[in-house]
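Read through the structure below, which is laid out as structure tokens, and then see the notes.
The values are calculated or read from the model by the stated rules, or taken from the named source; none is laboratory data. What you see is a predicted model; the values in this text were computed from it and never measured. All Cβ positions, glycine included, derive from the backbone under ideal geometry; neighbour counts span all protein chains shown. For the accessible areas, the whole protein counts, side chains as well, though only heavy atoms, and no ligand, DNA or RNA atoms are used. Shrake-Rupley method; radii C 1.70, N 1.55, O 1.52, S 1.80 Å.
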Amino acid sequence: MSLFRVPKLPGDTPPGLGSVLGNAFRQLYGDLQTLFRVPGDSTLHATSYQPTVGETVRVSPPASGMSLLLPAPSADNRGGVITVLIENPEGALKVFVAQGTQPASSTKTAPTINGTETVSFTLAGAYLFLSNGVDGWRSGPSGPTGPAGATGATGATGATGSTGATGAPGATGATGLGADRQTTYELYDDFDFIGSSVGSVATTETLFSGSRNWSIAASAAGTAKSLNGLAGHPGILELTTGGTFNNSAIQLWGAGVGKNAASANVGDNILFTDITNAMWVVRLPSNTSVELRLGLRTSATDLVEFVFDTVTSTSLQCNTMAGGVQTQDLVTMPTANTWNRFELRFTATQVQFFVNGSQVGTTHTTNIPTTLALTPFLEIATRTAGTAKSVDIDLFWLRGTLSR
């Protein structure tokens, strides 16, 4: 390594002469460094450094940073390359260009790196600097990364770390079945026990007993029977219409006997604004010549329900009605002979319709019976005389949130 260092010029040196001499001394310093540099030098530099053309230099900028001074571009180093390997940087590497020897009055543009006086690097990597031999250097990352090498052997498992701090409490989960009866209202029937009205369903409204009580009636004699439970579907109630005439129907109400006949002695279960969810899980064996209605209603003019009626449409209807004025969406009816979840979700001012967990249709905010109490309701009817229709019911569930 050369012991030559750029001398400090006297304070009375004329500015023009000082500039010329300073650049000349710095050029001499660089030339001597090149001359005395040991081939293959692998020193890792962490302080300011002045590389030479053709050198590959390793640097590790400290937190306070470091600088690198490139030689002034000249005809002697045109096309020359300096490779800089930045390793484990804690701070920035700032790269400058020596100004070269030129008269103070010269109008020649000062040399640059990528068109600027200085560039900074903060990421580890290999960077190339190429001299154009006139007025600048160009920099960029090294060539494309080669293919990944083979995966090394798995190292030994390290020691178990200490237990971290306890995390923040999670959000409160949804209310489960069997919640506080003061603030939660539930109607629930899995139809796993049928206590009465098994067999023939008469035209006179009668009590039907599942896990809870219902009222049931038929416009022409139909049947109600319990089917063998299936995997995932314990307790199944099958309702089958009569077939003596078109529109033979069976109606099932979640209220006392007399609801079907609109008896003044039978009230509706729960106010609209107290309901949060209502769900039917049913299987419709056939999607032809049939009507299925299920949901909540207090009368034919105030309701929230799903309707599938082949007389009017091959689509599933999502209906809300208040005082006989209706809002309706038409959506795709699920495939016949499969189990489907038909769910209604309520807020105080809107209703959403879900089939198998996905919302269908729009969120209804108009023509909703928000001031009325409602009752669970299901109807199955045939639309072809002489052809009975059936529906299999696996579950009904309703939840309301109360303040009492």
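Per-residue packing, averaged as other Cβ atoms within 10 Å, sorts the ranges 117-129, 342-354 into the order 342-354, 117-129, beginning with the highest. Each residue of segment 323-332 was assigned a 3J(HN,Hα) from its phi angle through the Karplus expression (A = 6.51, B = -1.76, C = 1.60, θ = phi - 60°), giving x, x, 9, 10, 10, 9, 10, 10, 10, 6 Hz with x at Gly and Pro. Take the Cβ atoms of residue 228 and residue 188, set R0 to 30 Å, and the FRET efficiency comes out at 0.90. For segment 290-350, the equivalent ellipsoid built from the Cα gyration tensor has semi-axes of 21, 14, 10 Å, listed from largest to smallest.
Taking 317, 326, 99 as the candidate residues, the one with maximal mean-square fluctuation in a Gaussian network model of the chain, Cα springs under 10 Å, is 99. Kirkwood-type hydrodynamic radius, segment 332-382: 13.0 Å, calculated from all non-identical alpha-carbon pairs.
Counting only protein heavy atoms, what percent of the accessible surface of the chain is carbon or sulfur at a 1.4 Å probe?
Details: 11230 of 20560 Å².
The C+S portion of the solvent-accessible surface of the chain is 55 percent.
Were the residues from residue 21 through residue 163 laid out at 0.36 nm apart, the gain over their Cα-Cα distance would be 44.6 nm. Cut-off under 13 Å on the C-alpha distance; same-chain residues fewer than 8 positions from residue 94 excluded. Which aspartates and glutamates are left, in chain and number order? Those aspartates and glutamates meeting the cut-off are 117. Charging the Cβ of each Asp and Glu at -1 and of each Lys and Arg at +1, and nothing else, the dipole of the chain about its Cα centre rounds to 840 debye. Comparing the chain with the 2.2 N^0.38 Å rule of thumb, its C-alpha radius of gyration ratio is 2.00 (two decimals). A 1.4 Å probe run over the chain, with the rest of the protein chains in place, finds 51 Å² accessible per residue.
Just 242, 65, 258 to compare: in a GNM of the chain, with alpha carbon springs under 10 Å, which one fluctuates most? Highest fluctuation of the listed residues: 65.
Would you mind checking the tilt of helix 15-36 against the longest principal axis of the Cα atoms of the chain, expressed as 0 to 90 degrees and rounded to 10? The angle comes out near 80 degrees. Under 5 Å from the amide H of residue 374 lie the amide H atoms of 269, 270, 271, 272, each residue being 5 or more positions distant or on a separate chain, with H modelled from the backbone and absent for Pro and chain starts.
Let me know the volume per residue of the alpha-carbon convex hull for segment 259-386, in Å³.
Details: hull volume 13.9 nm³, N = 128.
Measuring per residue, one finds 108 Å³ for the Cα hull of segment 259-386.
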